[in-house]
Structure formats: structure tokens, C-alpha cells
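What follows is a structure written as C-alpha cells; I'll ask about it next.
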Amino acid sequence: MLFRTITKENFKKMVEGLMEENEVIGPKSRDRDKEGNKIYRFLKLNCFDELEMDYTRSYSSPKDYFLPFKEDLATYRLENNGWDQKIHYTIHPRIIIGMRACDINALLKLDQVMLKSAYPNPYYFARRRNTLIIGLDHEPLEDCFCRSMNTDTASHGFDLFLTDIGDRYFAAINSDTAYIVLNRFNAREVREEDQLRYKKVKKQIESKFKTQVDITILPELMDLEFESEVWKKWGDKCLSCGSCAMVCPTCYCYGVEEDIDLSFTQATKRRFLYSCNLIDFATVAGGYNFRPDAHIRLKYRYYHQFRGFEEAFNQSLCVGCNRCGKACPAGISPKAVIDDLIKTEKE
Amino acid sequence: MQTEKSFKSEIFNIIPLTAREKLFHIKICDAYEREKFTFLPGQFVMLELPGCGEVPISISSSISNKDFIELCIRKVGKVTGLLHRLEPGAIVGIRGPFGTHFPMQKMVGCNILLIAGGLGIVPLRSTIYWANEHRSDYKDITILYGAKEPGQILFDYQFEEWHKIFDLKILTIVQNRAENWEGRVGLITDLFDEVPIDPDNTFAIVCGPPVMFKFVFAHLTNVGISRQRMFLSLERRMHCGMGKCCRCNVGSIFTCLDGPVFDYWTVMNLKEAI
Ligand SMILES: Cc1cc2nc3c(=O)[nH]c(=O)nc-3n(C[C@H](O)[C@H](O)[C@H](O)COP(=O)(O)OP(=O)(O)OC[C@H]3O[C@@H](n4cnc5c(N)ncnc54)[C@H](O)[C@@H]3O)c2cc1C
Ligand code: SF4
Ligand code: SF4
Ligand code: FES
């Protein structure tokens with residue numbers, strides 16, 4: 001990794017330069033919540049001023065730009081008694097500015113499933129390879145527990161990662177493209193004073209983590225407490241709405257549907273994000289449901305995140321952003337559920 | 001690499017078996033792809049009707065039949081319902097093969113006990129063909145087959161031929177008493193008193209509805225067969241067949257990638273599996 005610094009003024013010029021030729025996505029505020037706080041989303045930027053570099057947490061994650069909610073996998077032209085299949089790898093060069101370390105780590109986890117396992121996913125691959133990622137450090141919110149999940153810093157998975165050190169950004173460079181772009185806008189070598197400021201900012205961020213979740217024994221706990229009452233306690237509150245999975249930066253479960261147009265000449269095969277909390281997730285033909293109850297489905301989501309994924313890829317799937325906790329209409333958050341599990345285990 | 005690309009394939013022959021099941025003979029249209037297509041007993045394909053949907057179906061034919069594959073399909077819903085309305089000549093899509101297979105090589109020199117309930121006979125059929133084609137590799141081959149009613153017994157038109165050519169034993173049982181049925185009535189486990197099992201030299205392959213597994217495995221364990229010598233095929237909802245959609249996830253595994261064939265030891269230690 002190479003390091004440089006770039007002044008905020010030059011950064012602005014850089015973003016404007018990038019916008020001229022590319023689709024640039026960044027955090028924008030769209031709305032306000034009940035308490036009057038801004039709600040951010042990753043959206044297409046039309047000018048630099050729309051970019052809110054001091055954003056807190058986006059409601060949903062930039063996952064949408066890699067695993068969109070809906071995408072066409074293939075289209076078919078139907079002829080009398082035959083068909084032709086066309087496969088679409090939508091390749092859309094993009095730049096995403098302002099991704100948090102946790103969201104970058106979430107992408108790295110998705111990479112494990114989508115790229116590094118049997119049958120790589122070409123749709124995801126095309127998007128991942130054609131997206132330039134500019135990360136951004138930030139101070140944690142009250143309920144962030146990414147530090148417990150070891151995802152509060154990112155060392156790879158991005159092209160450029162920025163830390164605000166006053167009048168300039170300290171930039172970690174991870175790709176040649178990013179290096180060339182940065183140099184075009186007068187980045188300079190890191191000086192001792194930059195490095196000191198950078199370290200100070202990093203320390204400051206570190207000291208602000210409030211929420212902790214103990215995950216060391218979680219995989220084992222998931223098996224030991226499989227029959228625990230804790231699942232019922234929280235599961236009975238669950239509305240099986242699936243909001244938690246929709247906003248989660250790592251949830252990737254999906255469904256496939258096919259439909260045919262009214263003229264019977266065109267058909268489409270579509271992938272759409274799904275959630276294991278939805279009631280029919282595991283229902284098979286004839287109506288038999290392998291996970292009929294809300295609490296069994298809730299347990300399953302945690303089991304996959306903290307035990308199943310751990311077994312497959314030596315890491316848990318959750319990055320500790322607590323988006324699911326914020327979005328859940330029933331007030332279910334991973335911290336509360338995990339704390340409860342640990343408590344029963346100790347009793 | 002299996003992506004979304006499906007092989008155009010022609011259904012050129014359809015054999016009605018029962019009121020709900022038909023056997024489809026399907027041939028990959030492209031000669032080169034057809035030649036390349038190989039599978040092992042226990043694996044499945046994703047069968048697609050463009051515009052309608054895609055379903056996982058076990059391959060039921062012999063692996064040495066390079067011209068076409070046989071799929072036995074029960075009419076239960078949207079895609080399978082439409083499949084049953086097709087005529088010979090229809091073009092469908094096939095992706096695959098996917099999944100793990102029954103470890104036939106491991107069983108060399110031993111007895112094989114095949115236990116099927118209902119539609120469970122379908123994936124076992126390619127095992128039976130395998131065993132026949134490598135008949136001298138194995139000792140006794142026994143099939144225990146249970147169905148709800150006599151009318152639901154699949155492939156009975158082949159039993160006679162299997163008996164003779166393959167030199168194997170088939171015992172059937174039905175759950176509901178019926179006229180014209182002279183065989184046994186009861187549950188599949190009732191057949192166990194008719195087969196002496198040599199636990200150290202026997203492999204078991206079990207395939208059937210979830211309720212069957214517990215009782216069958218309990219018996220086989222009691223008899224003393226190692227849990228790693230018993231195999232089963234799990235059924236779960238599937239949408240991709242490639243370990244991505246998670247619909248088939250059980251505990252920490254994916255039925256489509258890590259299965260559908262598992263040994264009993266693995267499944268026993270999987271939460272939610274059986
Ligand atoms: C490994 C494996 C092998 C199978 N082999 C056979 C076989 O040889 N013969 C046979 O008749 N059936 C087999 N099945 C079951 C068969 O896949 C389902 O009956 C079929 O998917 C039902 O689809 P449908 O569209 O008609 O039903 P619907 O109820 O309309 O289902 C809608 C969709 O849900 C999914 N789905 C529903 N039920 C199942 C299910 N039981 N398993 C997987 N996905 C499901 C499919 O994507 C399906 O298109 C097998 C299933 C698995 C997992
Ligand atoms: S905290 Fe919730 S939303 Fe965030 S990664 Fe973990 S499970 Fe997903
Ligand atoms: S958001 Fe909350 S209520 Fe909705 S499915 Fe997830 S846990 Fe259940
Ligand atoms: S069928 Fe999609 S993960 Fe197994």
C-alpha cells in the first residue's frame with residue numbers, strides 16, 4: 001500500500017474531474033427521521049456539493065450497487081417450440097465515494113461467496129471489477145459494534161481510503177488506477193506532520209467505540225444454545241418482514257422468478273434479494289415448511305451469520321453496523337440477542 | 001463453470017408412470033455439449049422452462065448412457081405442472097450436473113443396501129444401473145422400497161429385469177392395504193426382519209421423505225453399521241444450485257453444494273437437518 005495526502009480543495013477537483021466521465025455514487029441525505037436526524041443513502045451524485053462527507057450511517061448499504069435488489073439474469077426469445085437465451089452481465093463503470101470500513105469489509109465477505117467459491121457469480125464479478133471504491137474513515141455511532149467484529153478498519157478491498165486530517169485527507173492507495181487519479185490532482189508525499197495527525201485521528205476514533213459485543217464463543221454458543229428460550233423470546237416479537245436483511249451489507253439470500261410477456265415471445269429470468277425471515281423462505285412444493293415459525297427463522301439468520309459462515313470462511317458474516325437493529329420495527333438488535341444468549345449460557 | 005447458461009435440450013420421449021409421475025427422456029441438443037455432459041449417481045440438474053421457472057431434479061438414468069438422461073418428475077406445482085403438459089419435441093433448458101454423489105467406489109467389495117421411500121427410488125435408480133455395470137465389484141445388492149399405495153410404486157415394470165440381470169433382491173411394501181396387492185403392508189422398517197445385515201461389510205443408501213430417515217437410521221445404527229457408511233440424499237428448496245441463494249442452507253452447509261448426498265454422521269451433527 002502507498003500513502004499520499006491530498007488537500008480538500010484538490011479532492012473536490014478530483015471528484016469533479018471523475019464526475020465528468022463516470023457515474024459517481026456517494027452519500028446524500030434524502031430525508032429526516034422522527035428525531036430530525038438526516039437519513040443518508042448512497043445515490044448518484046450530480047455535483048460535488050451533493051456529497052456529504054460528514055455523513056453518519058447510510059440507511060441501506062452500498063451493497064445495492066453490487067447485488068441489486070432485482071436484476072435480470074437472462075432473457076429469452078421464444079419461438080415456436082424453441083427459445084434463445086441471452087445472458088446479461090451489466091457492466092457499468094462506477095465510482096463509489098465514502099464507503100465505510102465496515103461496508104468495505106462486508107464486500108470482502110460477499111467476495112468469498114460470490115467470487116471465491118465454486119461457481120463464481122459473473123454478474124457480481126462484472127460489477128466488482130468495474131467499481132472504483134474510495135473509502136472514508138469516520139467516528140463510530142453509539143451503537144456501532146464493528147470494532148468487536150474486527151471490521152472497523154480495512155486494509156484491502158478498496159482503491160483509495162481517506163482519513164480526514166484537517167485541511168487534507170490522508171490517503172491509503174491500493175490500486176494503480178487510484179494512484180494515477182490522485183497524482184493527477186497534485187497529491188503529495190506523506191510528511192512527518194501528516195503521519196502524526198493521522199495517528200492522532202485514528203486514536204481518537206478508536207477511543208469512541210462504545211458498544212461491545214462478545215463474539216469469541218459465538219460459534220460454539222450457537223450450537224449449545226440452539227434450543228434456548230432466547231430465540232423464542234426475541235423470535236416471538238419478529239414480524240417476519242425481512243427489513244433486517246434488506247439493509248444488511250452482507251445478507252445475500254435470493255430468489256429467482258421467471259415470467260413471460262403478454263405476447264408470449266419474450267421471457268425473463270430475474271434474481272431478487274430475499275430474506276430468510278420471510279415465511280416461505282424454506283417452503284417446498286406441497287406446502288411443507290422446513291422453518292415454519294418466526295423464531296426458528298430468526299435463529300437461522302443468526303446461525304448463518306455467526307456459525308455457518310464462520311465454518312465455511314473462518315469469519316462471521318456480520319460487520320457490526322447495526323443497520324438491522326435500526327431498521328427493525330420490532331426493536332430486535334444483534335447486540336441484545338447476543339447479550340441474552342451469553343447471559344443464559346453463564347447462568 | 002456453471003453460470004446461468006443452460007443447455008437447450010429436447011424432451012423426445014415421455015413415459016407416464018403413475019397418475020403423478022412421468023419419466024422424461026431428455027437429450028442435450030448440441031452434440032458437443034452432450035458428449036461432454038457426465039454425472040455420477042446422486043447428482044441432479046436444474047431443469048428450466050423459460051418463462052416459467054427452474055427446478056432441481058435428480059438424474060435417474062445410467063451414467064453410461066451418453067445419448068440422453070432420464071428424469072422422473074412428480075407433478076406438484078408450477079414448473080412440474082407445466083412439464084407434465086409438454087409433448088415430445090418440447091425444448092427445455094438444463095444446467096448441471098450439480099451436487100455430490102453416492103460414493104460407489106468406496107463400497108467396492110461390500111454389500112449394498114438401498115432403502116427408498118416413494119419418490120426416493122428416483123436417484124437410486126442410477127445407483128442400481130451403476131451397480132449392475134460394475135456387478136463384480138459388489139456382493140449382495142438389496143433394495144427395500146416402500147410406497148403409500150401399490151399404484152404409486154415406480155419402475156415396477158423394470159423389477160423383473162433387474163432381478164434377473166442384476167441378480168439383486170427387491171422387497172416392496174405399501175402403507176395402505178389395497179385390492180390386487182399380495183405383497184406386504186406396513187412401513188418400510190417392517191422389511192428389516194427379512195434382510196439379515198452384515199454390519200461390517202454393508203453400505204446403506206437411504207432416500208425418501210424426511211419422516212423416514214429417523215426410523216431407518218435408528219435401525220441401521222442398532223444393527224451396527226457405521227454412521228459413515230450410511231448415505232442419504234437431502235431435499236430442500238433450491239433456486240440456484242450453486243451455493244449462492246441460500247434457500248437450501250441447513251445449519252452450516254448448502255444442500256446443493258455440500259449435498260444432496262451426505263453420510264449420516266455429517267447430517268446427524270447438522271442442526272435442523274433431519
Ligand atoms: C436435489 C433434489 C432432487 C430432486 N429430484 C427430484 C426428482 O427426481 N423428481 C421430482 O419429481 N422431484 C425432485 N425434486 C423435487 C422438485 O425439485 C420439486 O418438486 C420442484 O422444485 C417443485 O417445483 P414446482 O415449480 O412444480 O413447485 P412450486 O410449489 O410451484 O415451487 C416453486 C419453486 O420453489 C422451489 N421448490 C419448491 N419445492 C421444492 C423442492 N421440493 N425442492 C427444491 N426446490 C423446490 C423451486 O425453485 C420451484 O420452482 C428434487 C429436489 C431436490 C432438492
Ligand atoms: S449489524 Fe445487522 S445489518 Fe449490520 S452486518 Fe450485522 S447483521 Fe448485517
Ligand atoms: S427487521 Fe426485525 S421484525 Fe423484521 S424480520 Fe428482521 S428481525 Fe424480524
Ligand atoms: S440452491 Fe441456492 S444455495 Fe443451494
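The values are calculated or read from the model by the stated rules, or taken from the named source; none is laboratory data. Quantities reported herein were computed from a predicted structural model and do not represent experimental measurements. Note: ideal-geometry Cβ built from the backbone for every residue, glycine included; neighbour counts use all protein chains shown. Surface accessibility is based on the protein's heavy atoms, side chains included, excluding ligands, DNA and RNA. Shrake-Rupley method; radii C 1.70, N 1.55, O 1.52, S 1.80 Å.
With a cut-off of 8 Å between alpha carbons and a minimum separation of six or more residues, what is the relative contact order of chain B in percent?
Normalised by residue count, the contact order of chain B is 17 percent.
Which of the residue pairs B:K244/B:K271; A:K326/B:K271; B:K139/B:K169 have a Cα-Cα distance greater than 18 Å in the structure shown?
B:K244/B:K271; A:K326/B:K271
Can you tell me the FRET efficiency between B:I15 and B:N176 if r is taken as the Cβ-Cβ distance and R0 is 30 Å, rounded to the nearest 0.05?
For R0 = 30 Å, the calculated efficiency reads 0.75.
Shape verdict for the range B:1-156, please, from the Cα gyration tensor: rounded (a/c under 1.5), prolate (a/b greater than b/c) or oblate.
Here the range B:1-156 falls in the oblate category.
Can you give the FRET efficiency to the nearest 0.05 for A:K70 and A:T265, using r as the Cβ-Cβ distance and R₀ = 35 Å?
0.95
Oh, and also: Within the range A:32-66, what residues put their amide N at less than 15 Å from the label point 7 Å along the Cα-to-Cβ vector of A:F313?
Label zone hits: A:63-64, A:66.
So which cysteines of chain A have no other cysteine's Cβ under 4.7 Å from theirs?
Cysteines of chain A left without a disulfide-compatible partner: A:C47, A:C144, A:C238, A:C241, A:C276, A:C318, A:C321, A:C328.
Tally up the carbon and sulfur contribution to the accessible surface of chain A as a whole percent, 1.4 Å probe, everything protein left in place.
Answer for chain A is 49 percent, counting heavy atoms of protein chains only.
For the pair B:R184 and B:E161, what calculated FRET efficiency results from E = 1/(1 + (r/R0)^6), where r is the Cβ-Cβ distance and R0 = 25 Å, to the nearest 0.05?
Efficiency, from the Cβ-Cβ distance: 0.70.
Averaging sequence separations of C-alpha pairs under 8 Å and six or more residues apart, then dividing by the length of the range A:2-73, give the relative contact order as a whole percent.
25
While we're looking at this one, here's another question. For the range B:1-71, what number results from the quotient of the Cα radius of gyration and 2.2 N^0.38 Å?
1.10
Tally Lys/Arg at +1 and Asp/Glu at -1 over every other residue whose Cβ is under 14 Å from the Cβ of A:P93; what's the total?
+1
Of B:G51, B:G81, B:S61, whose Cα points farthest to the positive end of the dipole of the range B:15-124 (charges on the beta-carbon: +1 Lys, Arg; -1 Asp, Glu; origin at the Cα centre)?
It is B:G81, whose Cα lies furthest towards the positive end.
Right, something else. Could you give the accessible area per residue of chain B, probe 1.4 Å, as a whole number in Å²?
Here the per-residue accessible area is 41 Å².
Show me the ranking of peptides A:241-247, B:188-194 by mean Cβ neighbours inside 10 Å, starting with the highest.
Most protected by this proxy first, the peptides run A:241-247, B:188-194.
Equivalent-ellipsoid semi-axes (√(5λ), Cα gyration tensor) for chain A, whole Å, largest first?
35, 30, 17
Which residue, chosen from A:L45, A:S61, A:Y76, occupies the Cα position most advanced towards the positive end of the dipole of the range A:43-82, where the dipole is computed from +1 (Lys, Arg) and -1 (Asp, Glu) charges on Cβ about the Cα centre?
A:Y76
Over 10 Å intervals from 0, what percent of Cα-Cα pairs in the range B:76-130 sits in each interval?
Spelled out per bin, shortest first, that is 15, 35, 33, 14, 3.
Can you list which of the trypsin sites (Lys or Arg not before Pro) found in the range B:1-69 are DSSP loop residues with at most 13 other C-beta atoms within 10 Å?
Passing both the DSSP loop test and the Cβ count: B:K5, B:K66.
OK, next. Dimensions of the range B:190-274 along principal axes (Cα, Å, largest first)?
Result for the range B:190-274: principal-axis Cα extents of 43, 22, 18 Å.
Just to be sure I understand: of the beta bridges DSSP finds with both ends in chain A, what percent are antiparallel, rounded to 5?
75
Just the projected area, averaged over all directions, of the convex hull on the alpha carbon atoms of the range A:255-299: how many nm²?
About 4.1 nm², averaged over all directions.
Which of the listed residues, A:F11, A:V256, A:M222, is farthest toward the dipole's positive end in the protein assembly as shown, when Lys, Arg count +1 and Asp, Glu count -1 at the beta-carbon?
A:F11
Using only the Cα atoms of the range A:152-233, what do you get for the radius of gyration and for Dmax, in Å?
My reading of the Cα-based Rg and Dmax gives 20.3, 60 Å.
Related question: Can you give the mean number of other chain Cβ atoms that lie within 10 Å of the Cβ atoms in peptide B:235-244?
6
Nearest 10 degrees is fine. How inclined is helix B:121-133 to the longest principal axis of chain B, computing both from alpha carbons?
Around 80 degrees separate the two axes.
Still on this model: I want to verify the translational diffusion coefficient of the range A:208-275 in µm²/s; compute it with Stokes-Einstein, Rh as the Kirkwood radius over Cα pairs, at 20 °C and 1.002 mPa s.
This corresponds to a translational diffusion coefficient of 132 µm²/s.
If the limit is 24 Å between Cα atoms, which of B:K27/B:K148; A:K299/B:K78; A:K38/A:K70; A:K63/A:K335 go over it?
B:K27/B:K148; A:K299/B:K78; A:K38/A:K70
Pairs of Cα atoms under 8 Å, at least six residues apart: use those to get the relative contact order of chain A, whole percent.
21
Within the range B:93-179, what whole-number % of the accessible surface is contributed by carbon and sulfur, with the 1.4 Å probe and all protein chains included in the calculation?
48
Please state, rounded to one decimal and in Å, the Kirkwood hydrodynamic radius that the range B:133-229 gives when every pair of distinct Cα atoms enters the mean of 1/r.
Hydrodynamic radius (Kirkwood, Cα pairs) of the range B:133-229 is 14.7 Å.
How big is the B-A contact in terms of buried accessible area, both chains counted, 1.4 Å probe, rounded to the nearest 100 Å²?
Summed over both sides, the interface buries about 3700 Å².
Sorted by accessible area (1.4 Å probe), largest first, how do A:M53, A:M114 line up?
Solvent-accessible surface, decreasing: A:M53, A:M114.
What's the long-distance tail for the range A:73-216, i.e. % of Cα pairs beyond 20 Å?
60
Taking all pairs of different Cα atoms in chain B, averaging 1/r and flipping that mean, what Kirkwood radius in angstroms comes out?
With all distinct Cα pairs of chain B included, I get 19.2 Å.
About the Cα centre, and with charges only on the beta carbon of Lys, Arg (+1) and Asp, Glu (-1), how big is the dipole of the range B:79-196? Nearest 20 debye, please.
It comes to approximately 440 debye.
Next question, about the same structure. After finding the eigenvalues of the alpha carbon gyration tensor for the range A:2-159, what semi-axes result from the square roots of 5 times each, listed largest first in whole Å?
31, 19, 18
With every protein chain left in place and a probe of 1.4 Å, what is the accessible surface of A:E225, to the nearest 10 Å²?
Probe radius 1.4 Å; accessible area of A:E225 about 30 Å².
Here's a follow-up. Using the Cα atoms of the protein assembly as shown, I'd like the radius of gyration and the largest Cα-Cα distance, Dmax, both in angstrom.
28.2, 95
For the range A:206-347, what value does the Rg/Rh ratio take when both radii are computed over Cα atoms and Rh is the Kirkwood radius, given to two decimals?
Using only Cα positions, Rg/Rh for the range A:206-347 is 1.05.
Within 10 Å of each Cβ in A:282-291, how many Cβ atoms from other chains are there, averaged over the peptide?
5
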